[in-house]
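Chemist: This is the structure, below, for whatever I ask next.
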Amino acid sequence: MELVLDCSVTLAWFLEDERSAFSDAAFDLLGEADCWVPALWRLEFPNALLFAERKRRIDRNTRLDALDRAEQLGLRVDPVPVDMRMVSAIAERRDLTTYDAAYLELALRHASGLVTLDRGLADAAAADAGGGTRRSLIAAATRLGRRLAAEARPDLEALLSERGYEPFDDDGVLRLRNCPFHRLAQQHRELICGMNLCLLSSAVAQVGQTDLAARLDPADDVCGVRLHTTP
């Protein structure tokens with residue numbers, strides 16, 4: 001399975017003030033998928049770190065350490081020369097910069113999902129008629145749920161707490177007070193809630209709690225997935 005990661009996601013792994021549950025989950029995907037970036041990333045990523053240093057968000061040693069650590073991530077850099085006409089056409093059609101379009105072009109060419117924190121790029125990826133983003137995210141979420149649960153087994157509630165869901169009992173139903181993917185779910189509810197459901201369903205199955213089942217129950221003040229006891 002393949003995924004394309006954009007600079008906004010990878011940058012959040014090294015800038016503490018941009019870190020979120022979503023970026024942490026994206027980091028976990030490194031062990032579940034072949035993660036690709038366009039060659040542009042090798043310029044965009046260090047440039048963003050340099051700007052962060054100039055704005056005094058990080059110091060020089062932190063920036064240099066981040067560059068060294070990024071080299072160890074195992075990201076696969078696309079070796080194919082940029083097709084300027086193709087990237088320009090995507091940028092024009094989806095109202096993107098050519099820099100962002102380079103990530104989407106790579107995802108489309110690989111028929112893979114695109115993981116990003118950028119709303120415009122996420123909208124463009126969600127509009128992919130081939131459904132590559134949806135299929136890849138669902139598959140990755142299912143595998144990630146199994147792996148996280150295997151590491152935490154048998155304590156499902158501890159796993160949910162550690163991952164930021166804030167579980168609580170609601171008259172026999174295990175509800176989740178927080179959605180780690182709330183910001184993205186506000187923009188792409190069907191896609192992100194479906195991914196979250198697959199992640200939690202696979203985690204429940206891996207832990208072996210056959211008396212629990214994950215169900216979608218959209219609500220404004222809690223996570224849209226609930227875990228209820230099966231008959």
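Chemist: State all residues of the range 96-123 that are of a type in the set (Gly, Ala, Ser), within 18 Å of residue 39 (Cβ to Cβ) and over 15 Å from the mean Cα position of the chain (by Cα); if no residue qualifies, say none.
Modeler: 101, 102
Chemist: Surrounded by 14 or more Cβ atoms within 10 Å (Cβ to Cβ) and either under 19 Å from residue 10 (Cα atoms) or aromatic (Phe, Trp, Tyr) (or both) - does that describe any residue in the range 80-95?
Modeler: No, that holds for no residue.
Chemist: Looking at (1) at pLDDT 75 or above; (2) outside the structural domain of residue 22 (by TED's automatic domain parsing); (3) aliphatic (A, V, I, L, M), which is the one condition that is false for residue 137?
Modeler: Among (1) at pLDDT 75 or above; (2) outside the structural domain of residue 22 (by TED's automatic domain parsing); (3) aliphatic (A, V, I, L, M), residue 137 violates only (1).
Chemist: Next question. Run residue 63 past the list (1) over 13 Å from residue 5 (Cα atoms); (2) surrounded by 15 or more Cβ atoms within 10 Å (Cβ to Cβ); (3) in contact (Cβ under 8 Å) with a residue 24 or more places away in the chain; (4) not polar (S, T, N, Q) and report the number of the one that doesn't hold.
Modeler: For residue 63, the exception is condition (3).
Chemist: Okay, next question. Any residue in the range 5-17 that is over 16 Å from residue 199 (Cβ atoms), buried (at least 21 other Cβ atoms within 10 Å of the Cβ) and of a type in the set (D, E, K, R)?
Modeler: yes
Chemist: In addition: Take the residues in the range 146-169 that are surrounded by fewer than 18 Cβ atoms within 10 Å (Cβ to Cβ) and modelled with pLDDT of 80 or more, then tell me which one is nearest to residue 205 (Cα to Cα).
Modeler: 157
The values are calculated or read from the model by the stated rules, or taken from the named source; none is laboratory data. A quick note: this is a predicted structure, and the numbers were derived from the prediction, not measured. We place every Cβ from the backbone using ideal geometry, glycine too, and count neighbours over all the protein chains shown.
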